[in-house]
Amino acid sequence: MSRPPIATSELRRRDFFGIAGAGLFVFFRSGPAEAQEPARLPTRLSGPGDFNAYLRIGADGRVACMSGKVELGQGVMTELAQVLAEELDVAFDSIDVVVGDTDLCPNDGGTYGSMTTPLLVPNVRRAGAEARAVLLGMAAEKLGAPVERLQVANGVVSDPGKPGATVAYAQLVQGRRIERRLANIPVKPASSFQTIGKSPHRKDALEKVTGRAVYSGDMRFPGLLHAAILRPPAHGAKLKSADTSAAEKVAGAQVIRDSGMVAVLHERPDLAAQALALVRAEFENPPEGPDDRTIFEHIQKTAPLARVVGSSGDLAEGERLAAGAIVENTYLNSYVAHAAMETHSATARFEDGKVTVWASTQAPFQVKGAVMGALGLPADKVRIVSHYVGGGFGGKTEADQGVEAALLARIAGKPVQVVYSRQEEFFYDHFRPAATIAIRAGVANGKIVLWDARIVGAGDREGSPFYDIPHRRTLSAGGWMGGNPAGMNPFEVGAWRAPSVNSITFARESHIDALAARAGVDPLEFRLGNLTHPRVRRVLETAAKQFGWKAARAPSGRGVGMACGIYSNACNAAFAEVAVNRSTGAVEVKRIAMALDVGLVVNPDGMRQQAEGAVMMGLGPALAEEVKFRGGEVLTRNFDSYRLARFSWLPKLEIVFVDDPEAAALGGGEPPIITIGAVLANAIYDAVGARLLQLPMTPERVLAALPKA
Amino acid sequence: MERTISFRLNGTPTSVRVDDQRMLLWVLRSDLGLTGTKFGCGEALCGACTVIVGKEAVRSCVTPVGAVEGKRVLTIEGIGANGLHAVQQAFLDHHAFQCGYCTSGMIVSAYALLLATPHPTREQIVRHMEDNLCRCGAHGRIVEAIQEAAVAKKGGAL
């Protein structure tokens, strides 16, 4: 698949100041992101745009922070405002965080991989510290006092030695334009934090509780037309013919046929959809493919050559040491959908040859490149705005609807809105890939001596276990990042909250419990006996204490279990209690206690929201969510057949942070979800003595796994 | 059939000339420009489009606009019209949302619950809210916010 051209030189200096006006500017980069996730990032900017975020202190006293990140609900606006308020000594309310607008914000890639907090936050802090130092220098001159003597509160500098000697930041920057790059100004020590570590009201709260928050599908313009687009019945199906005559007769409907796209435009979205339903289309069906039952065999057959993602010791020696104390299982997880409540939406509008596209996307600059490529427009003729996005979870990095809206708006000569139906949303989702993870492992004297794993479809990350295992090898073939052979997956796959790691943690932590059972050891004791990683040990011990873990060999009949994991340096351990209904197979999750080590926690309530949310979201793929399909035909079309976790599933949730204010802040949106599959599988095993090897652990699968009476 | 439908929308007499079989959701969002009510599924499976007709929470994506003739319709815009309502304040205080897309439907559903049951038990809240979906997983906070709003209202008129 060819990648769209990447928009470069987003902000030329001259244009930039035209937009941004006067004030003090500090330019910086959101961090060495390339080193972290090379394949997920677009090409870097070059030329004048060697910064990818900046802050401005304006003559009105307001502080603006511009970042190409997007507010998906994770609270980025609030977090950035907090760290700036901290370093600048200004009021939280005086800070405006502007995100997701390619004309106002520099390109910093996109919002995924839990990278905002570890990579952007430290540099926003440093930028704030830099700005404060510059302003203090100016204030010292103005007040005729040495910098060391000055104090700052709420953006006002004062000299305690001289009553009445004060000057506000706003006065200092009046009529001036001062530019700075990051220098090596130290940030504040944790001991003096005033705003970091607090939980102010979210910046987006008022708009969201009043319905005034504007999403991409909420844009309204005079003459706006809504598009309904003809879709194939299956991936790979080719349009043979389309009779649009009936649709054309619908009052107010405009049928557009352009380079393979058949669309109906109407000033009412429902009437556009009704008119589209009148189109009689014939498709050539694609060849038959695997379905949701045969997929696991299929991906193993079609996977590319495996890579070695971790290896040490000698597997034969491990086999010898285990002396037959071997457990071998293959773990499966099906395709799952992102299923954000907001479907992919976009509104496109041309003005003087320039198109602005409001699009629900996690990667506005990537969408900008796609629109430029599809419409043949230069960078300065395309603006993408992605203000509020109704959930992403990895599913909104691509945004084809933005291209569709722009193409249709150009043809129609009017603003056009595209809002996917729920069926389109499921059909075009880039699912979490189906995966098989086969593990053969052995124990001797309570120690894991052998680990031989083969991962197909999930990807590589955390493929090599963090346990101390002398003889080990992990192979991995295919994955969510692409590069899979054509036909391995019948549709697109992609990043789904903590990609690779949520699948791999399920397999690894299930297997660790299976080994503990084989060794006849309590699973916590077994883990701690095979683990020297200090931070994982600490979250395990913290969560065990919170849960009130009492040692016992599984299955104990209590229905309790644990799992631990690492995602992008963040560690977590979860303990759960479940009840299994032996006649229906239904699993009730009664309680989950989780300990998280995400370094410095900027906003405890924000991090708690992420953890609570990840646990709730994670219950779905663990117990119910599974995309059904037959070849390229996606049979899952709406929430009746695709069951998300809902209110009655809510367990008692206890989240504990292993907080370390002097440590670097780590992203918390993805990590807490990784342990949910395994912690429930292990608790189910503890309850009924049946090990579930496939996610989701539906009632049917639980019943099928129950030991026969 | 195209005809003029008259109803009270957020307290204001409103008339629209439309096909009476069109769904209320689209008439609100498109014809009347009230975008606080969200589209999520189109089949009454997610609750994002919830509005109140009379005193009942209904899914506007499957409610023909003809059915609200002569009735009172309340949307999220009407609930917040005169300063934050106790339910909104509680959602704000508890941060009972993340992406915010399901939030209008959640608040409207909760409002309807408290109209009928000023002091709901936790079980009643869960049962009433069960079919309102939230992908960000704000469920626990939403339950707590509704409990707090019920206390804040002290059983008084909404």
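FYI, it's all coordinate maths here, none of it is from the lab. Please read all numbers here as calculations on a predicted model, not as lab measurements. Don't worry about glycine lacking a Cβ; one is built from the backbone with ideal geometry, like all the others, and counts go over all protein chains shown.
On the principal axes of its alpha carbon atoms, the stretch B:22-75 extends 27, 22, 18 Å, with the longest extent given first. Simple rule: put +1 on each Lys or Arg Cβ and -1 on each Asp or Glu Cβ in chain A, find the dipole, and look at A:Ala190, A:Ala129, A:Ala316; the Cα lying farthest toward the positive end is A:Ala190.
For the protein assembly as shown, the antiparallel share of DSSP beta bridges with both residues in that region comes to about 75%.
Could you work out, residue by residue across A:272-279, how many beta carbons of other chains sit within 10 Å of that residue's beta carbon, and then give the average as an integer? Don't skip to the answer; put the middle values down first.
Values: counts 2, 2, 3, 0, 0, 0, 0, 0.
Mean number of neighbouring Cβ atoms from other chains: 1.
Each part reduced to its alpha carbon centroid, the stretch A:276-348 and the stretch A:421-488 end up 9 Å apart. Among the trypsin sites (Lys or Arg not before Pro) in the stretch B:99-158, those located in a DSSP loop and surrounded by at most 15 other Cβ atoms within 10 Å of their own Cβ are B:Lys154.
For every helix of n ≥ 4 consecutive DSSP H residues, a contribution of -39,500 (n - 2.57) applies; sum these over chain B, divide by its total residues, and give [θ] at 222 nm rounded to the nearest 500 deg cm²/dmol. The partial results should precede the final answer.
Values: 5 runs with 50 residues, N = 158.
Roughly -9500 deg cm²/dmol at 222 nm, from the helical runs in chain B.
A straight Cα-to-Cα reach below 28 Å connects A:Lys381 with the lysines A:Lys69, A:Lys354, A:Lys368, A:Lys396, A:Lys414, residues fewer than 8 places away in its own chain not being considered.
Using only the C-alpha atoms of the protein assembly as shown, find the volume of their convex hull and express it per residue in Å³. Write out the running numbers ahead of the final one.
Numbers: hull volume 154.1 nm³, N = 867.
Measuring per residue, one finds 178 Å³ for the Cα hull of the protein assembly as shown.
Legend: Rg and Dmax of the stretch B:86-153, from Cα coordinates, 10.4, 28 Å. Within the straight-line cut-off of under 17 Å between alpha carbons, the aspartates and glutamates reachable from A:Lys198 are A:Glu79, A:Glu86, A:Glu87, A:Asp89, A:Asp93, A:Asp605, A:Asp659, A:Asp660, A:Glu662, B:Asp93, sequence neighbours fewer than 8 places apart in one chain being disregarded.
Dipole size in debye (nearest 20) for the stretch B:2-79 around its Cα centre, Lys and Arg Cβ +1, Asp and Glu Cβ -1?
Working: 10 positive and 8 negative charges, 38 e Å.
So the magnitude is around 180 debye.
Listed by chain and number, the lysines placed with their C-alpha closer than 29 angstrom to that of A:Lys550 are A:Lys447, A:Lys590, A:Lys652, A:Lys708; residues fewer than eight positions away on the same chain are left out. Assuming a viscosity of 0.692 mPa s and a temperature of 37 °C, what translational diffusion coefficient in µm² per second does Stokes-Einstein assign to the stretch A:477-589, Rh being the Kirkwood radius over Cα pairs? Calculated translational D: 203 µm²/s. Rounded to the nearest whole Hz, the Karplus-based 3J(HN,Hα) values (6.51 cos²θ - 1.76 cosθ + 1.60, θ = phi - 60°) of the stretch A:349-366 follow the sequence 9, 8, 9, 6, x, 10, 9, 10, 10, 8, 9, 7, 8, 8, 9, x, 6, 5, with x at glycine and proline. Rg over Rh for chain B works out to 0.97, using Cα positions for both radii and the Kirkwood form for Rh.
Cα centroids of the stretch A:526-572 and the stretch B:21-45: 47 Å apart.
Using the Cβ atoms and a cut-off under 13 Å, what net charge is assigned to the surroundings of A:Arg307, where Lys and Arg are +1 and Asp and Glu are -1? Working shown, then result.
On the way: positive: A:Arg454, A:Arg461, A:Arg473; negative: A:Asp460.
After counting each charged neighbour, the total is +2.
For the pair the stretch A:359-409 / the stretch A:49-117, the C-alpha centres are spaced 20 Å from each other. For chain A, the Cβ-based charge dipole about the Cα centre amounts to some 280 debye (Lys, Arg positive; Asp, Glu negative; other atoms uncharged).
Each of B:Cys49, B:Thr75, B:Ser30 was placed along the dipole of the stretch B:2-79 (beta-carbon charges, centred on the mean Cα), and the one lying farthest toward the positive end is B:Thr75.
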